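Since every read-out is calculated from the coordinates, none of them should be taken as a lab result. Quick caveat, the model's predicted, so the values are computed rather than measured. Neighbour counts are summed over all protein chains in view; Cβ atoms, including those assigned to glycine, are modelled from backbone coordinates with ideal geometry.
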Amino acid sequence: MHFSLSGLLRTGVRRGLMGGHRGWQAIFLVATVLRFVGRTSKRGSGPVLFSEKLKAGETLEIRHKAPSAEEKNSA
């Protein structure tokens with residue numbers, strides 16, 4: 001039997017939060033935590049922002065620049 005996370009959330013809200021059934025409240029809580037963990041943990045690498053081939057003997061320096069006041073306000 002296959003359960004979708006959204007179906008468990010929907011039923012958990014209906015039967016657990018609205019209906020007061022403790023078992024469905026627990027299922028709702030677990031499904032909510034699983035959805036949160038799934039959204040916050042990313043799989044794979046991020047997007048490639050810059051790519052360049054280096055020749056033999058060339059070096060690459062990576063620096064982290066703190067965001068300026070304008071960049072902080074726009075986010």
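Between His21 and Arg39, the modelled labels are 2.5 nm apart [label points 7 Å from Cα along Cα→Cβ]. The chain: D in µm²/s via Stokes-Einstein (Kirkwood Rh, Cα pairs, 4 °C, 1.567 mPa s)? Rounded, D is 75 µm²/s.
Ranked highest first by the average count of other Cβ atoms within 10 Å around their residues, in what order do 57-64, 16-23, 37-44, 4-11 fall?
4-11, 16-23, 37-44, 57-64
Normalised by the residues of the chain, what does the relative contact order come to in percent, with Cα pairs under 8 Å and at least six apart? The value is 19 percent.
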